[in-house]
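Enquirer: Quick one: structure below, then a few questions.
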Amino acid sequence: MDNIFAYDFMIKAFITAILIAAATPCIGLPIVLKRFSAIGDATSHSALGGIAFGLLIGINPILGAVIFSVIAVLSIEALRKRFGKYSEIATVVVMSAGIGLTAILSGFLKNGSANINSFMFGSIVTISDFELILTIALSALVVFVTLLLYKEIFAITFDETSASLSGIPCGAINTILMILTAITVAVASRIVGALMISSLLVIPTATSMLISKSYKSTLIRSVALAEIFTISGLFISFYLDLRPGGTIVLIGTAVLVITASIKRKK
Amino acid sequence: MNNEVIRVEDLNFNYPDTAVLRDVNFNLMKGDFLGIIGANGAGKSTLIKLILGLLPYETGKITILGGELQDVRAKIGYVSQKANSFNTDFPATVREVVIANLFPRKGLFKRFNKADEKKVDEVLDLVGMSEYKNKLIGSLSGGQQQRVFIARALVSDPELLLMDEPTVGIDAASVADIMDIICRLNKNGMTIIMTNHDTPTLLNAANKLLIFCEHGYEEFVSTSDLSLERITDILAGKRVHKHG
Ligand SMILES: Nc1ncnc2c1ncn2[C@@H]1O[C@H](COP(=O)(O)OP(=O)(O)OP(=O)(O)O)[C@@H](O)[C@H]1O
Ligand SMILES: [Mg+2]
C-alpha cells in the first residue's frame, strides 16, 4: 500500500482539512440553532461567483470568494429585515443572484470550466502554499473569535430579546458571525468544494445535537465529528481514488443517518 | 439621594391601528411591589415592553433609577409572558441558560468564573431547581422551565424586576412557593412590577396596583383597604374615584 504521508500535497491537505474541520462547527452551531442553515448554500454560490471573478481579473480565487461571500452575507442581513418572519426569502434571493453571477462570469473564462469545477467540488490535494497560509490564518481567526465571543454567541442564539436586554450588542455580534460565515465558506470551498461546504457546516452540528446534552458538549462534539469526517474522508478518498470533498460529505451523512436511526429506536 | 426606582410620566403608546396606553403616570420607590391587572389586550405587556425599551414610546418619559435605560440595563430583571416559548430542542442545560444572564456583570469577552457558578447554584436553589442544573432545558415541564426563567432573571441581582404573568402554567402549590420567594426578595428591597390574572394572589403580594379598565386605568398607591369585589367592579367598568 502507498504511504499517504510520503506525498507533500497530502500533508498539506491534512493540515488544511484539520483546520477547516475545527472552524466550520464553530460557525455551524450558531447558524443551525438560529435556523439559518441555508445561509451556507447562499454564500457558497456567491463564493463561486467570486472565484470566477478572481480567475478573470487575475487575483487569487480564494480572495475573490472571500470578497463575494462577505457581500452576499451582508446583503442577506440587509434583505432579511424587509421580510420579517419570512426572512428565508432573502437567502434564496441572494443564492439566485450568486448562481446567475457565476454563470455569466464563468462564461468569460477561456478554459475556466476546469478551474471552476475544482472549486465546485473542491481540490484539497492541489492547494498552493499561499492558500495553505490563508487557510491557516482564516481558520485560526474563526476559531479565536468564536471562542472569544462564546457567551455572547450563546446568548443571542438562545434568546435574542434577553440578550439585547442584558446589553449585548446583538447587531454587531450577528454581523461578526455573518462575516465569519462568509470567510469560512470561501476558504472551505477550495477544500471540500462550494457545493458541499454547507453540509460541512450543518452535518457535524446536526449529528452532535443528536447525542449531546448541553451547548458546550454539542460544540465540542461537533468539532470532533468534523475532524473524524474529514480525516477519514481524506484517507478513504486517497486509497480508493475518490474525490475527497464528496467522500468527506458522504461519510458525514452516513454517520448522521446511522446516529439518527439509533437514537430513534431508544 | 432619593429612593425612586421608576417614574413614568404622561406615557402614550399606540399600535398602528390600536390605541393602547393613554397618559399613564406612576412612580415606584425602592421596595415597592406594583401589581398590574387588566383584561386580555388591555396593554399590560405593552407597558412592560415600553419600560424595558423593547418598544419605542411616542410621548412621555420613563426614568429608571434616576437615569436613562441604557445606563441601568444591568439592574433590571425581566421574566417575559410565556418565557418558555423558546425552541424546546435547543441544546442548552439549565445552568447554561441561567448563567448567560450574568452578562451585564461580566461584560464582553470575560469568561465566567467560580463566583458566577456559585451565583447560579444560589438562584437555582432559591427556585427549587438545583437538581435539574445539568438537564436540558427542553426536557423540563412548562412550570419547571418557568422557574428556571425566574432564576435567570434573578441571577444578576436586579434592583427592578419586571414579571409578565410569571406563574402561568404553574401548579397551585408552586405558585405559592414562587410568590413566597418573590415577596421575600421584595422585603429585602427589590422593586417588583408584576402582571397576573390571578388577582387574589397579586393583591396579596402587591402594595400598589394599576387596574386597566374601559376608560383607561385606576391607580392605587395602597392596597390595604382594597377588596376583590371592588377590583371586579373596576374591571367591569364601574367608575370609581382615584384613591390615595
Ligand atoms: N405587535 C402588535 N401589533 C399590533 N397590535 C398589537 C401588537 N401587540 C399587541 N397589540 C395590541 O395591543 C393591545 C394590548 O396588548 P398587550 O399585549 O399589551 O395586552 P395585555 O394586557 O398584555 O393582554 P394579555 O392579558 O392577553 O397578556 C391589544 O389590543 C393588542 O391587540
Ligand atoms: Mg400580556
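Enquirer: Exactly one of (1) among the aliphatic types (A, V, I, L, M); (2) open to solvent by 10 Å² or more (accessible area, probe 1.4 Å); (3) more than 14 Å from chain B (Cβ to nearest Cβ) is unmet by residue A:33. Its number?
Expert: Condition (3) is where residue A:33 drops out.
Enquirer: Restricting attention to the stretch B:28-46, which residues are without any contact (Cβ under 8 Å) to a residue 40 or more places away in the chain and either within 18 Å of residue B:166 (Cβ to Cβ) or among the acidic types (Asp, Glu) (or both)?
Expert: Scanning the stretch B:28-46 gives B:40, B:46.
Enquirer: Pairs only if they're at least six apart or on different chains, beta carbon under 8 angstrom, first in the stretch A:163-174 and under 15 Å from residue B:86 (Cβ atoms), second hydroxyl-bearing (Ser, Thr, Tyr); list them, first residue then second.
Expert: These pairs meet every condition: A:165/B:78.
Enquirer: Still on this structure: State all residues of the stretch B:94-118 that are within 9 Å of another protein chain (Cβ to nearest Cβ), more than 16 Å from residue B:143 (Cα to Cα) and under 24 Å from the mean Cα position of the chain (by Cα); if no residue qualifies, say none.
Expert: Taking the stretch B:94-118 as the starting set, the residues that turn out to be within 9 Å of another protein chain (Cβ to nearest Cβ) are B:95-97, B:99-104, B:106-112.
Those still in the list that are more than 16 Å from residue B:143 (Cα to Cα) too: B:95-96, B:99-104, B:106-112.
Result: B:95, B:96, B:99, B:100, B:101, B:102, B:103, B:104, B:106, B:107.
Enquirer: Here is a further query. Just name the residue that is nearest to the other protein chains (Cβ to nearest Cβ) out of those in the stretch B:154-168 that are within 16 Å of ligand 2 (Cβ to nearest atom) and in contact (Cβ under 8 Å) with a residue 40 or more places away in the chain.
Expert: B:162
Enquirer: Tell me which residues, restricted to the stretch B:11-62, are out of contact with any Asp or Glu (no Cβ under 8 Å at 6 or more places or on another chain), more than 9 Å from ligand 1 (Cβ to nearest atom) and either polar (S, T, N, Q) or assigned to a loop (DSSP other than H, G, I, E, B) (or both).
Expert: B:31, B:32, B:53, B:54, B:56, B:57, B:58 - these are the residues of the stretch B:11-62 that are out of contact with any Asp or Glu (no Cβ under 8 Å at 6 or more places or on another chain), more than 9 Å from ligand 1 (Cβ to nearest atom) and either polar (S, T, N, Q) or assigned to a loop (DSSP other than H, G, I, E, B) (or both).
Enquirer: Here are B:48, B:36, B:6: which of them is within 14 Å of another protein chain (Cβ to nearest Cβ) and crowded, with 19+ Cβ neighbours inside 10 Å?
Expert: Step by step, each of B:48, B:36, B:6 is checked, and only B:48 is within 14 Å of another protein chain (Cβ to nearest Cβ) and crowded, with 19+ Cβ neighbours inside 10 Å.
Enquirer: Can you find a residue in the stretch B:25-32 that is within 14 Å of ligand 2 (Cβ to nearest atom), touching a helix residue (DSSP H, G or I) at 6+ places or on another chain (Cβ under 9 Å) and away from chain A (no Cβ under 11 Å)? Write out each step before concluding.
Expert: Narrowing the stretch B:25-32 to residues within 14 Å of ligand 2 (Cβ to nearest atom): none.
No, there is no match, as no residue in the stretch B:25-32 is within 14 Å of ligand 2 (Cβ to nearest atom), touching a helix residue (DSSP H, G or I) at 6+ places or on another chain (Cβ under 9 Å) and away from chain A (no Cβ under 11 Å).
Enquirer: Let me ask something else. Check A:176, A:156 and return the single one that is farther than 28 Å from residue A:264 by Cβ, within 14 Å of chain B (Cβ to nearest Cβ) and open to solvent by less than 10 Å² (accessible area, probe 1.4 Å). Give the derivation first.
Expert: Working: A:176 fails: open to solvent by less than 10 Å² (accessible area, probe 1.4 Å).
Step by step, each of A:176, A:156 is checked, and only A:156 is farther than 28 Å from residue A:264 by Cβ, within 14 Å of chain B (Cβ to nearest Cβ) and open to solvent by less than 10 Å² (accessible area, probe 1.4 Å).
Enquirer: Among the candidates A:193, A:167, A:233, A:246, single out the residue that is open to solvent by 10 Å² or more (accessible area, probe 1.4 Å) and within 27 Å of residue A:68 (Cβ to Cβ).
Expert: Being open to solvent by 10 Å² or more (accessible area, probe 1.4 Å) and within 27 Å of residue A:68 (Cβ to Cβ) holds for just one of A:193, A:167, A:233, A:246, which is A:246.
Enquirer: Report, by residue number, each residue of the stretch B:112-144 that is basic (Lys, Arg) and under 24 Å from residue A:209 (Cβ atoms).
Expert: Across the stretch B:112-144, the qualifying residues are B:133, B:135.
Enquirer: Helices (runs of 4 or more DSSP H) wholly in the stretch A:72-180 with at least 3 residues that are at pLDDT 85 or above - which ones?
Expert: In the stretch A:72-180, the matching helices (runs of 4 or more DSSP H) lie at A:88-107, A:129-148, A:150-158, A:160-165.
Enquirer: Please verify whether the stretch A:7-28 includes one or more residues that are farther than 23 Å from residue A:139 by Cα and open to solvent by 40 Å² or more (accessible area, probe 1.4 Å).
Expert: Looking for residues that are farther than 23 Å from residue A:139 by Cα and open to solvent by 40 Å² or more (accessible area, probe 1.4 Å), one finds at least one in the stretch A:7-28, hence yes.
Residue-by-condition table, conditions (1) away from ligand 2 (no atom under 16 Å from the Cβ); (2) surrounded by 15 or more Cβ atoms within 10 Å (Cβ to Cβ):
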position	(1), (2)
B:41	no, no
B:59	yes, no
B:65	yes, yes
B:76	yes, yes
B:98	yes, yes
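Enquirer: Quick one: is residue A:46 in contact (Cβ under 8 Å) with a residue 60 or more places away in the chain, assigned to a helix (DSSP H, G or I) and hydroxyl-bearing (Ser, Thr, Tyr)?
Expert: No, not satisfied.
The values are calculated or read from the model by the stated rules, or taken from the named source; none is laboratory data. It should be emphasised that the depicted structure is a prediction, and the values quoted were computed from it without experimental measurement. Cβ sites come from the backbone with ideal geometry, for glycine too, and all protein chains shown count toward neighbours. Please note that ligands, DNA and RNA were not included when accessible areas were found on the heavy atoms of the full protein model with its side chains. Shrake-Rupley method; radii C 1.70, N 1.55, O 1.52, S 1.80 Å.
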